[in-house]
Amino acid sequence: MNKRSPYSISFGRIPSQYISRSLMIEDIIDILNSEPVEEQAFKLTGIRGTGKTVTLTAIERELKEDDKWIIVDLKSNSDISKELVANLYGEVPFLTSFIDANLNLSAFGIGVNIEKKSPVISMDVILKNILNEVQKKNKKVLVVIDEARKTDELVDFIQEFQILIRNELPIYLITAGLYEDIESLENAEGLTFFLRATKYEMKPLNLIVIEDDYEKTLGVSEDIAKELASQTKGYAFAYQAFGKYMWESGEKEISKSVYALVDEALAVKVYDKIWSELRDKEKWYLNFIVKKESMAATELLELTKTNHSEWSEPRKRLIEKGILDGSERGVVKVRLPRFKEYVEARQK
C-alpha cells in the first residue's frame, strides 16, 4: 500500500479514517439547538487517547455549518472572560462594530478608545452587553475548553457563566478533560452548577465496528480483523495505532513488528505520562493485576498479602484514572490495551 495511511496517532487532528462517536455528537448538537434551551453546559471526560479532542473538533465542525453559531476555543489558564471578549471583537464583524460604537474597552486593551464614554472596567458588564447584542442578532456563542483543569481562571469563568445563563443569555460551554481534572472542577467550592452539568464519558469504541472497519480498510480477513479489534479493547488511540502500522506494513497478518510499533506508540504517546502520575502503591498493585486479563479481588489480595482497606484507595484512584474497569463487583480488570506488556517492560 503506497498511499498515505488513513489512520493517525497525532492527537487532536481528525484522521481520514476514524470511528465517530456519532450518537454522543448528535445528542450534544440536538440539545445545543433545542428550543427552548434544555442545557447550556457539557463535560466530556476520559483518559488520554480516548478521542475527546477529536469529538470536540467534530462538534465544532458541524456547528460551524450553521451561521447562528459563534465558536470560541479558549484555554483553562487564560483570562477566559477577557480572551472571550477579545475573540468576539476580533472575529465577529457585527460585534466589532457594536463594541467600537458603544463600549470603551480601553482598560482591557480591546477596541478603540471612545473619548466621550468612560471606560468599562467590569468584564461581567462587558459580557452581558455583548451577549445581549448576540441575542438581538439571533446568534449563539459556544465556548470550548479542551484539556480543562481546575484553575482560578476557569473557576471564575464558570461562576460568571452561571450568572449569564440565569439571565437567559445565549452562551454555551463544552469542556473536555481527564477524569481527575473534571472531578476536581466539579468539587470546587461554588461550582454546584458545574457538578450538575451533563457529563459524557468517552467509553470504549464498539469492537464490532472496529472489526468491520479493519476488514474493509486494511483488506484483512475477518479473523485477523477480529483479533486486531480485540487487541485495541475499544481504546481509540490503539485503534488508530494498529490501523496505522498494519496499513504501513502492507501485511495481512499481525506481525511482531506491528506489535512492537504499537507498543512503542502507546508507551511514548500515552502510557509514560499515565505511569508518571501514579503513586508508588498504585504501580505496585498494577504489577500484580496485569498478570491476568481478569482477576478476582480476593486473588489480588492473596497475591499482595494485603487487605480490603489497604486496596480500597488505590482501587478507587485507578478506576478514576480510567486504568481499571470497576463495573463488575469483586473483579479487577485493566481497561487499557497492551498495558500488561508496558508494565512488564518496565520491570526488565
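Are any of the pairs Lys3/Lys273; Lys52/Lys150; Lys3/Lys340 more than 26 Å apart by Cα-Cα distance, and if so, which?
Checking Cα-Cα distances, Lys3/Lys273; Lys3/Lys340 exceed 26 Å.
Mark the label point 7 Å from the Cα of Lys203 along Cα→Cβ and return the residues of the stretch 311-348 whose backbone N is within less than 18 Å of it.
Under 18 Å, as judged by backbone N against the label point of Lys203, lie 319-329, 333-337 of the stretch 311-348.
Send over the per residue convex hull volume for the stretch 14-85, Cα only, as a whole number of Å³.
About 126 Å³ per residue, rounded to a whole number.
Ignoring ligands, DNA and RNA, please state the percent of accessible area on the stretch 34-74 from carbon and sulfur, probe 1.4 Å.
43
Using the Kirkwood formula on the Cα atoms of the chain, what hydrodynamic radius do you get, in angstrom to one decimal?
Its Kirkwood hydrodynamic radius stands at 22.7 Å.
Could you tell me how far the Cα centroid of the stretch 116-181 sits from the Cα centroid of the stretch 194-257, in Å?
Cα centres, the stretch 194-257 to the stretch 116-181: 38 Å.
Check Leu173: other-chain or 5+ apart residues with amide H under 5 Å from its amide H, H built from backbone geometry?
Excluding prolines and chain starts, which carry no amide H, the hits are Ala41, Phe42, Val143.
Can you tell me which of Val155, Val209, Val85 moves the most in a GNM of the chain? Springs connect C-alpha atoms under 10 Å apart.
Val209
With a 1.4 Å probe and all protein chains left in place, how much of the accessible area of the stretch 169-264 comes from carbon and sulfur atoms, in whole percent?
Carbon and sulfur together cover 50 percent of it.
Quick one: Karplus J couplings for the stretch 123-136, per residue in order, coefficients 6.51, -1.76, 1.60, θ = phi - 60°, nearest Hz, x for Gly and Pro?
Here the 3J(HN,Hα) series is 5, 4, 5, 4, 4, 4, 4, 5, 5, 5, 5, 4, 4, 4 Hz.
For Glu251 and Glu60, calculate 0.36 nm times their separation in residues minus their Cα-Cα distance, and state this gained length in nm to one decimal.
Contour length minus Cα-Cα distance gives 65.1 nm.
Number of Lys pairs in the stretch 278-336 with C-alpha atoms less than 14 angstrom apart, excluding same-chain neighbours closer than eight positions?
The result is 9.
Convert each backbone phi in the stretch 144-151 into a coupling constant with the Karplus relation 6.51 cos²θ - 1.76 cosθ + 1.60 (shift: θ = phi - 60°), then list the ³J(HN,Hα) values in order as whole Hz, x for Gly and Pro.
These are the phi-based 3J(HN,Hα) values: 10, 10, 8, 6, 5, 8, 5, 10 Hz.
On a full-extension model of 0.36 nm per residue, what is the gain between Ser294 and Leu195, subtracting their alpha-carbon distance, rounded to one decimal in nm?
Fully extending the segment from Ser294 to Leu195 adds 32.4 nm.
Skipping prolines and chain starts, which residues have an amide H placed within reach, meaning under 5 Å, of the one on Val331, given they are 5 or more residues away or on another chain?
Ala297
Ordered by residue, what ³J(HN,Hα) values in Hz, to whole numbers, does the stretch 211-222 give under the Karplus form 6.51 cos²θ - 1.76 cosθ + 1.60, where θ = phi - 60° and Gly and Pro are x?
These are the phi-based 3J(HN,Hα) values: 4, 4, 4, 4, 4, 6, 7, 8, x, 8, 5, 4 Hz.
Translational diffusion coefficient, Stokes-Einstein: compute it for the stretch 200-287 using the Kirkwood radius over C-alpha pairs as Rh, at 25 °C and 0.890 mPa s, and state it as an integer in µm² s⁻¹.
Taking Rh from Cα pairs, D becomes 175 µm²/s.
Under a 5 Å amide H to amide H cut-off, with H placed in plane at 1.01 Å, what residues pair with Leu324 once short-range neighbours are removed?
Ile319, Arg335
Provide the FRET efficiency to the nearest 0.05 for the Arg329-Ala101 pair, computing r from the beta carbons and using R0 = 51 Å.
Using R0 = 51 Å, I get an efficiency of 0.20.
For the chain, with every protein chain kept in place, what is the accessible area per residue (1.4 Å probe, Å²)?
Spelled out: the 1.4 Å probe surface of the chain, per residue, equals 50 Å².
Work out, step by step, the length gained on full extension between Ser230 and Glu277: first 0.36 nm times the residue separation, then minus their alpha carbon distance; give nm to one decimal.
Contour length minus Cα-Cα distance gives 14.2 nm.
The values are calculated or read from the model by the stated rules, or taken from the named source; none is laboratory data. Because the structure is predicted, anything quoted here is derived from the model rather than measured. When we count neighbours, we look across all protein chains shown, and the Cβ atoms used for this are built from the backbone with ideal geometry, even at glycine. Protein only, heavy atoms only, side chains kept; ligands, DNA and RNA dropped before computing areas. Shrake-Rupley method; radii C 1.70, N 1.55, O 1.52, S 1.80 Å.
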